[in-house]
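Working notes, structure below.
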């Protein structure tokens with residue numbers, strides 16, 4: 001039996017769910033991915049070598065996809081954040097439409113359910129640059145309309161968080177509370 005055994009193939013790790021320690025590690029790394037293994041271990045109650053092994057396992061399993069820097073949009077000259085809904089003829093996910101990803105102003109592209117086919121998160125220098133991006137979208141075969149939502153203020157923007165909400169609070173109406181009404185002026 002002639003079999004090429006020169007290649008060393010890593011054995012893929014079986015998928016496993018994240019345990020509480022993995023989630024604590026990911027929580028620390030989301031806040032600061034440059035933390036040392038000694039500091040990481042201290043924050044999650046592990047020795048530095050154990051923290052290092054856990055991080056290596058999280059990388060191998062794909063739980064940690066990459067390590068990157070978060071750039072200040074204003075410093076990079078992209079102070080205008082907008083979400084653009086794109087309507088198309090038929091299925092929106094065409095190679096022509098997805099080619100919009102080559103522009104660095106396009107941060108995210110999502111195929112969505114609802115009143116649009118695609119949702120884009122874009123950051124541009126100003127409204128003139130946004131208008132240029134929209135013009136490029138309208139040149140794309142199949143695009144029939146866009147709706148842009150320019151962000152005035154951002155109160156929360158963060159990467160994926162490792163935690164999961166165990167139990168959502170019950171709506172006030174389900175707790176027997178009457179809707180709050182305005183207090184009459186005396």
- Find the residue count for segment 110-131, including only residues that are in a strand (DSSP E or B) and more than 16 Å from the chain's Cα centre (by Cα). 1
- Task: Please work out which one of (1) out of contact with any helix residue (DSSP H, G or I) (no Cβ under 8 Å at 6 or more places or on another chain); (2) part of a helix (DSSP H, G or I); (3) at pLDDT 95 or above is the condition residue 107 fails and give its number.
- Result: (2)
- Message: Looking at segment 31-43, can you tell me whether even one residue there is crowded, with 18+ Cβ neighbours inside 10 Å and touching a residue at least 60 places away in the same chain (Cβ under 8 Å)?
- Response: no
- Message: If residue 84 satisfies all but one of (1) under 18 Å from the mean Cα position of the chain (by Cα); (2) touching a residue at least 24 places away in the same chain (Cβ under 8 Å); (3) surrounded by fewer than 10 Cβ atoms within 10 Å (Cβ to Cβ), what's the number of the condition it fails?
- Response: (3)
- Filter result for residue 141 (within 25 Å of the chain's Cα centre (by Cα) and modelled with pLDDT under 95): no
- Query: If you check 146, 140, which single one turns out to be in contact with a strand residue (DSSP E or B) (Cβ under 7 Å, 6 or more places away or on another chain) and in contact (Cβ under 8 Å) with a residue 24 or more places away in the chain?
  - Reply: 146
- Among (1) within 23 Å of residue 74 (Cα to Cα); (2) in contact (Cβ under 8 Å) with a residue 40 or more places away in the chain, residue 128 falls short only on (2)
- Just to be sure, is residue 135 in contact with a strand residue (DSSP E or B) (Cβ under 9 Å, 6 or more places away or on another chain), modelled with pLDDT of 95 or more and loosely packed, with under 13 Cβ neighbours inside 10 Å? no
- Query: Hey, does segment 150-167 have a residue that's under 24 Å from residue 104 (Cβ atoms), part of a strand (DSSP E or B) and touching a residue at least 24 places away in the same chain (Cβ under 8 Å)?
  - Reply: yes
- Which ones in segment 138-147 are surrounded by 15 or more Cβ atoms within 10 Å (Cβ to Cβ) and not in a loop (DSSP other than H, G, I, E, B)? 143, 146
- Reported set for segment 88-104 where residues are surrounded by fewer than 13 Cβ atoms within 10 Å (Cβ to Cβ), in contact with a strand residue (DSSP E or B) (Cβ under 8 Å, 6 or more places away or on another chain) and not in a loop (DSSP other than H, G, I, E, B) is 101
- Message: Would you confirm whether or not segment 31-42 contains a residue that is at pLDDT below 95 and either over 25 Å from the mean Cα position of the chain (by Cα) or not in a loop (DSSP other than H, G, I, E, B) (or both)?
- Response: yes
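The values are calculated or read from the model by the stated rules, or taken from the named source; none is laboratory data. Being a predicted model, the structure only gives us computed values, none of them experimental. Cβ sites come from the backbone with ideal geometry, for glycine too, and all protein chains shown count toward neighbours.
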